[in-house]
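Just below is one structure, and these are the notes that go with it.
The values are calculated or read from the model by the stated rules, or taken from the named source; none is laboratory data. What you see is a predicted model, and the numbers here were worked out from it, not measured in a lab. Here the Cβ positions follow ideal geometry from the backbone for every residue, glycine too, while neighbour counts run over all protein chains shown.
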Amino acid sequence: MNLVIDIGNTHAKAAVFQGETLQDSVHCRANSPEKLQSFIEAYANSIDACIVSSVGQANMPLQDFLKSCPFSVVVLNAEMKLPFANLYATPHTLGSDRMAAVAGAMTCFPETDVLIVDVGTCVTYDFLDGRGIYRGGNISPGISLRLMSLHEHTARLPLIEKDGDVEEIGTSTEVAMRSGVMLGLQYEVNGYIERFVNQHPQSKVILTGGKKKTMSIKSHLKPYVSIDCHLVEKGLNAILRQNAEKA
C-alpha cells in the first residue's frame, strides 16, 4: 500500500491507497500531528512507500517519526516525474498541494479541460487542459484570511468567527462582515467557473479542500460543480506510483 501525507497551512491529511483505490484517511490540525501518527502506526507494516506534501516548513516531530518507520519516504518537489506537463513559469514556486491537485485531476479526468478550485487557507484556481498540460492558475485569500484582514487593517472591526448567520443584507456589523466575506467568495468562485466554462464548454470543474469549508460554499455554486475532498491525496498517490515505476 501507499501512504500519502498532505500538510497544509492549517490542516493535515493522510490516506492509504491500494493501487488507485483509497482505503482509509484521516484529517487533523497541522500543528497537532498525534492523530496523524496514530493513523500511520496502524498501517505502518502494510505500507510500501510514502510521499509527503508540505506547503510550509517541515514538521520536525512528524519528520523524525517517519524516519523511524519501516518504509521509504519521499517529499514532493518540482524535480519529480509528474503525470502532466508543467508550463508554470516558476515551477519551483508552485505549491506542492496545487501540484498534487492537478495530478489528481489528471487521474480523474484524463483528456479533459479541468478547472480545480481548492478552498483552504487560500483559494486556488488551477487549469489543466485536455492535452495534459498545466496552464497555471490564481491565488486568492481564503475565508479566515479575509476575516482576519478586516480586523487587523481597520480601526474598529472585530475578529469574528466564520460560523454564524449569513444574510444578503447584513443587519449587524458581525453579520455584515461574515456575509461580505462568504457571499463575496461565492460570487468570486462562481465568476471564475462561469468564465472558464464559457471558454471551455466541455470542461469539468472540481471543488476540493477541507470538507467543512468546501461544503460551506457548495450550495451557492453552479450545479455542475463536482466535489472531491480527496483530490490532493489521489494526486499524491498518482505521483508516487509514477515515480516508483520510473525507479
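Laid out as a table, the results:
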{"item": "Test: residue 146 is out of contact with any Gly (no Cβ under 7 Å at 6 or more places or on another chain), in a helix (DSSP H, G or I) and not small (Gly, Ala, Ser)", "result": "yes"}
{"item": "Every residue from region 124-143 that is of a type in the set (A, V, I, L, M, F, W, C) and at pLDDT below 95", "result": "143"}
{"item": "Residue pairs meeting the criteria (Cβ under 7 Å; at least 6 apart or on separate chains; first closer than 27 Å to residue 29 by Cβ, in region 120-147; second of a type in the set (Lys, Arg))", "result": "120/213; 124/98; 126/98; 137/98; 143/162; 143/213; 144/162; 147/162"}
{"item": "Neighbours by Cβ (under 9 Å, 6+ apart or cross-chain): first from region 223-247, farther than 21 Å from residue 120 by Cα; second among the acidic types (Asp, Glu) and modelled with pLDDT of 90 or more", "result": "238/20; 241/20; 244/48"}
{"item": "Residue count for region 139-171, restricted to those that are surrounded by 11 or more Cβ atoms within 10 Å (Cβ to Cβ) and either of a type outside the set (A, V, I, L, M, F, W, C) or in contact with a Cys (Cβ under 8 Å, 6 or more places away or on another chain) (or both)", "result": "15"}
{"item": "Matching residues, region 44-102, being among the aromatic types (Phe, Trp, Tyr) and farther than 19 Å from residue 8 by Cβ", "result": "71, 84, 88"}
{"item": "Top-ranked residue in region 1-58 [being within 15 Å of residue 230 (Cα to Cα) and hydroxyl-bearing (Ser, Thr, Tyr); ranked as farthest from the chain's Cα centre (by Cα)]", "result": "21"}
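Residues checked against (1) under 24 Å from residue 244 (Cα atoms); (2) part of a helix (DSSP H, G or I):
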position: 17; (1), (2): yes, no
position: 24; (1), (2): yes, no
position: 31; (1), (2): no, no
position: 35; (1), (2): no, yes
position: 41; (1), (2): yes, yes
position: 52; (1), (2): yes, no
position: 62; (1), (2): yes, yes
position: 65; (1), (2): yes, yes
